[in-house]
Amino acid sequence: MTDRYAVIGNPIKQSMSPDIHGAFARETAQDMEYGKLFAEVDGFKPVVDKFFADGGKGLNITAPFKLDAFDYADSLSERARTAGAVNTLALQNDGTLLGDNTDGPGLVSDIVNNLGWKIAGQKVLVLGAGGATRGTLLPLLKQQPAQLHIANRTAHKAQQLAEDFSGYGAITASGLDAVPEGFDLVINASAASLSGELPPLSPRALAEGCCAYDMVYGAQPTPFMRWAAELGAEVSDGLGMLVGQAAESFALWRGVRPQVAPVLTMLRDRLRAQAASEKE
């Protein structure tokens, strides 16, 4: 029997997850299908109940349901527990559901393996103190950066987050107006790029030869990417993180790790074609 998986969210039409997991399944010869589930904002539980009652094996969870999935899971991985959010549910052999968060590992894999940038021993700045940041801090700290600093418009939110993760490594925090100078890697995990805005960050925050990463992806570079590139930074969007977190989920479900590069190339080509058509 073909195993069933899906992504659940609201909205969900734009999700590329079925394309990604379909490619992974073909590459690794897995007998599975992957669809999309829409749920009303307050209707997560009944949709998920039905999916697993009908024989579903696993779900990816996107906005706005990562906290609902956290509460729904029977058990949690360490990275899901520290993130306070779940983006992957996996049916276990005993019938229980494991909640995991693969966003952070997807980010780290993209930065280190795809882009060839360093985290270990580097001064790392993360912009934003929301769920996207929380989900990535443990995997980033496990890379043992020389410094990890969180900066947020509201300083006390960044400071609270730093306090929450202080047991996992050296971590500091401030408002965006008090960021130290000279970071080797800057990761934009704020919502600014989603609304086409640029975080109010001093150019002095970027060291010479800095790498700048935006978790948002699209057909065009984000304002943050354009700003950092003008300052001489090497830049990337978050498309590789999307594919990387999907590969982590796939490996959890199927016990086999797919190749990321071919799928990333496929999606990048699609975005380039979209960008070209927008210019016509």
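Quick note: the coordinates plus some simple rules give every number you see, no bench work behind them. Bear in mind the structure is a predicted one, so any value in this text is a computation, not a measurement. Cβ coordinates were reconstructed from backbone atoms using ideal geometry, including for glycine residues, and neighbour counts include every protein chain displayed.
Annotation for Ala53 and Ala146: the two label points, set 7 Å from Cα along the Cα-Cβ direction, are 5.7 nm apart. In terms of distances greater than 30 angstrom between alpha carbons, the cross-link table entries Lys123/Lys157; Lys13/Lys50; Lys13/Lys57; Lys57/Lys118; Lys118/Lys157; Lys45/Lys123 yield Lys57/Lys118; Lys45/Lys123. In nm, to one decimal, how far is the modelled label at Glu181 from the one at Arg257, with both set 7 Å along Cα→Cβ? Here the modelled spin labels are 4.0 nm apart.
Check each of the GluC sites (Glu not before Pro) in the stretch 184-256 and keep only those in coil by DSSP with at most 15 other C-beta atoms within 10 angstrom; list them in order. Display every interim value, and only then the final one.
Working: sites: Glu197, Glu208, Glu230, Glu234, Glu248; in loops: Glu197.
Answer by residue number: Glu197.
Calculation over all alpha carbon pairs of the stretch 3-101 in 10 angstrom steps from 0 returns a P(r) of 16, 49, 32, 2 percent. With R₀ fixed at 35 Å, the C-beta to C-beta distance from Ala276 to Lys118 puts the FRET efficiency at about 0.60.
Here each label is just a point 7 Å from Cα along the line to Cβ, and for Ala191 and Ala63 those points are 0.7 nm apart.
From the Cα gyration tensor of the stretch 104-238, with a ≥ b ≥ c the square roots of its eigenvalues, which class applies: rounded if a/c is under 1.5, or else prolate if a/b is larger than b/c, or else oblate? Write down the numbers at each step before the final one.
Working: a/c = 1.37, a/b = 1.17, b/c = 1.16.
Rounded shape, in that the Cα axes give a/c under 1.5.
Relative to its Kirkwood radius, the Cα radius of gyration of the chain gives an Rg/Rh of 0.97.
If the cut-off is a Cα-Cα distance under 19 Å, which aspartates and glutamates reach Lys279, setting aside same-chain residues fewer than 8 apart in sequence? By straight Cα distance, Lys279 reaches Asp269.
Positive contributions from Lys and Arg (+1) and negative ones from Asp and Glu (-1), summed over other residues with Cβ under 11 Å from the Cβ of Gln147, come out at 0. For the pair Glu234 and Glu27, a Förster radius of 30 Å applied to the C-beta separation gives a FRET efficiency near 0.55, rounded to the nearest 0.05. Out of the stretch 1-64, which GluC sites (Glu not before Pro) are coil in DSSP terms and have no more than 16 other C-beta atoms within 10 Å? Those satisfying the criteria are Glu40. Think of it as helices only: each DSSP H run of n ≥ 4 in the chain is worth -39500 (n - 2.57), and spread over all residues that comes to -11500 deg cm²/dmol at 222 nm. For the stretch 10-35, backbone nitrogen atoms closer than 19 Å to the point 7 Å from Asp269 Cα along Cα-to-C-beta are found at 16-28. Think of the chain as a dipole: +1 on every Lys or Arg Cβ, -1 on every Asp or Glu Cβ, centred on the Cα centre; then among Gly209, Leu271, Met32, Gly209 lies furthest on the positive end.
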